[in-house]
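Each remark here refers to the structure printed beneath this line.
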Amino acid sequence: MSTLKERALHPFKRSTFDRFDALHDVSFAVEPGEFVGIVGRNGSGKSTLLKCMAGIYRTDTGAIYINGRMSTFIELGVGFNPDLAARDNILINGVMLGLSPREARERYDRVIDFAELREFEELKLKNYSSGMQVRLAFSVMVQVDADILLVDEVLAVGDVRFQQKCFDVFHRLRDEGKTILFVTHDMSAVRRFCHRALLLERGEIIRIGEPAEVAASYVELSFAEGGEQPPDPDATRSGDGAAEIVDSWWEDEHGERQTALPQGRPCSFHARVRFHAHAEHPGISTVFESEAHQPLMATSTDNTSGETGLFEPGDEAEFQVRMDMVFAPGRVHASPAVAHRGGHRIMDRRERLASVVVTAARVSGGLIDIPHDVRLTRVEPVLQPDRELG
Amino acid sequence: MTTASSAPLGRAIKGPSALGSDPRRVLHLAVTLAVMEFKLRFFGSVLGYLWQLMRPLLFFGVLYVVFTEFVRIGEGVRYYPAILLMGIVLFTFFSDSTSRSVTAVIDRENLVRKIEFPRLVVPLSVVLLAYFNLVLNLLAVLVFVLATGVDPRLEWLAFPLLLIPLGLFAGGLAMLLSALFVRFRDVQPIWEVLLQVLFYGSPILYVLDILPSDELRELVVRFNPLATILVQARHTLIDEQAPNAWDAAGGFVYLLIPATIVLVVLALGFWVFNREAPRIAEEL
């Protein structure tokens, strides 16, 4: 955009702009009935890709082909007007999504019933709660019955019950053989619904295939760079300096240093300590914390004998914790500390010195995932003698 | 995509365009959007439609007082008040549809950036909405014309035909202005000025007869399509003794000039809009 004045004052100046390829060399095919998740960090080109497929943006090069009726849900409730009642908004939204006005009117009852907003149908949209607006919009989308749906992060809305309904609909759509391309940051949704997923980074597909694997790559990528790092490890350092934790890292089961570790496999945490003063049976400990600063586990040499030995200035020691990786997927921080015997006088403590990203195929929602068994057994109902049956 | 034949791949997504692949959809969308917008105006406030009507009527009242009491431009003109009101109502249609379409694409940003649809719908719905208002306002004009003492005539049936070139002219400008505004924000002030020029350059406040020379009269009727339409409207609806458009233009053949202007504006408007349509979403 420019003004005529700029053009008139600088008639020979080429309009200046920075060229930015939002997408580059992206090529993939989606089979009918496939449910494909598109994941990637902010600015990786997910939404641009969806908008190109939707026909909102024109691609500079390359071609996109579709076979079937397509509907786009970049945003729920496109064309909604707060001053109109539900009926009119359903009509506008339906027509925008590709229905004819007659089709939109015919589907009105189904839409309003699905949204469970029958009693509010005469109300203007501005008097709806945001959750109700979302319900209405989602209901229109479901009733449009396209063969191909392009969906951009719309599930993170509504109350729990309606979310469940949305998920049910997604399952139904999947079972009905609709083709769905679904942009999201919700890896559990990717794992639950998608047949395939593709991971975009800087406008290129860096991974395409099994949803679980792609989701794991995404988690790894997100935390590998740009993840939350403590601003300055020294700022949170404390202790009298009689010893120093010089290094700290994670290793996989083969003894290789790693920044990401798969859940459920053996691994180890290491901290290297250098002593600057005479130390008698020092205690070395560490706390593992989640990204949200929840302590997950703490351990210390005091848990064993506490008899760690005598150290002279210049001596070094390596502290190890061997375990199976039981933490939930995400980043885990370790804060190791070395203290004088008894653990109360700290020599050196380093907040969040070493972190590792735990990768896993599914997110349980808990802080840790330990091997366990789940069962459901059918049992005979207990008859209550004093209650009438039927 | 390495396959040469596109048939098994389905249809190609070419990105947005002015008309899209299905012309019916253009109409469906434009009508739906215009109807909804009309509803909002009509039922939006307590007095609703009255305000839509009040605007030209108040304007008329002011101009009427000024030009019959102070300047006396309308003195001796048969049915001057009816001519004035009709002129204002027709011009209101023209100025509403064009000046609203200047910002139309920006106003509809939430649609343009969020969904694929034939982009032509945006200016088209603005012109349609102005048409709806025009029809209602013309009912008021009709009442006024009858009250002034004009007898109904069969020729009145030809009056709606005049709304076709008027709509085409406004529509062409609507496409042109809405597409240009996305790139050049100066379009808005420029168009406001041009609208003023057109207002005073058309026989709304005055009738052609007061112009000093025949040359000037012919110049106005030949090169301002609005003037051509207004002159003919006065002849058809109000005063059959007033000259019709071809007499005022100095011959039927001269009407080809305003007709050409309307068609050129229409073609230019469509060409520019069609050229800009694919990129409009990105340039907002």
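The values are calculated or read from the model by the stated rules, or taken from the named source; none is laboratory data. From a predicted model like this one, the values you see are computed outputs, not experimental measurements. Positions of Cβ are generated from backbone atoms using ideal geometry, with glycine treated the same way; all protein chains shown enter the neighbour counts. We work out accessible area using only protein heavy atoms, side chains counted, and drop any ligands, DNA or RNA first. Shrake-Rupley method; radii C 1.70, N 1.55, O 1.52, S 1.80 Å.
Observations on the model:
- Each residue in the stretch A:253-302 was checked for being open to solvent by 60 Å² or more (accessible area, probe 1.4 Å) and polar (S, T, N, Q), and 3 of them qualify.
- Residue check, B:S95 open to solvent by 10 Å² or more (accessible area, probe 1.4 Å), touching a residue at least 40 places away in the same chain (Cβ under 8 Å) and not β-branched (V, I, T): yes
- Entry remark, the stretch A:30-78: residues being in a loop (DSSP other than H, G, I, E, B), modelled with pLDDT under 90 and facing chain B (nearest Cβ under 9 Å) number 12 in total.
- Helices (runs of 4 or more DSSP H) wholly inside the stretch B:165-284 that include at least 3 residues being closer than 30 Å to B:S17 by Cβ and within 19 Å of the chain's Cα centre (by Cα): B:187-200, B:256-276
- Of the residues making up the stretch B:169-184, none is out of contact with any helix residue (DSSP H, G or I) (no Cβ under 7 Å at 6 or more places or on another chain) and either surrounded by 15 or more Cβ atoms within 10 Å (Cβ to Cβ) or touching a residue at least 40 places away in the same chain (Cβ under 8 Å) (or both).
- Members of the stretch A:160-203 that are open to solvent by less than 40 Å² (accessible area, probe 1.4 Å), among the hydrophobic types (A, V, I, L, M, F, W, C) and more than 24 Å from A:A29 (Cβ to Cβ): A:F162, A:C166, A:F167, A:V169
- Residue within the stretch A:81-91 that is within 14 Å of chain B (Cβ to nearest Cβ), within 24 Å of A:K178 (Cα to Cα) and open to solvent by 30 Å² or more (accessible area, probe 1.4 Å) present: no
- Close Cβ contacts (under 9 Å, 6 or more residues apart or on different chains) running from residues in the stretch B:246-270 that are at positive phi to residues that are crowded, with 17+ Cβ neighbours inside 10 Å comprise B:G250/B:R217; B:G250/B:E218; B:G250/B:V221; B:G250/B:R222.
- One residue alone among B:L136, B:L129 is open to solvent by less than 30 Å² (accessible area, probe 1.4 Å) and in contact (Cβ under 8 Å) with a residue 12 or more places away in the chain, and that residue is B:L129.
- Within the stretch B:206-229, none of the residues are within 26 Å of B:L129 (Cα to Cα), in contact with a helix residue (DSSP H, G or I) (Cβ under 7 Å, 6 or more places away or on another chain), open to solvent by 20 Å² or more (accessible area, probe 1.4 Å) and in contact (Cβ under 8 Å) with a residue 24 or more places away in the chain.
- Given (1) part of a helix (DSSP H, G or I); (2) away from every other protein chain (no Cβ under 14 Å); (3) open to solvent by 50 Å² or more (accessible area, probe 1.4 Å); (4) not β-branched (V, I, T), index of the condition B:N110 fails: (2)
- So A:V246, is it of a type outside the set (D, E, K, R) and either in contact with a helix residue (DSSP H, G or I) (Cβ under 7 Å, 6 or more places away or on another chain) or without any contact (Cβ under 8 Å) to a residue 60 or more places away in the chain (or both): no
- Scanning the stretch B:187-205 for residues that are touching a residue at least 60 places away in the same chain (Cβ under 8 Å) and not hydrophobic (A, V, I, L, M, F, W, C) turns up B:Q188, B:E192, B:S202, B:P203.
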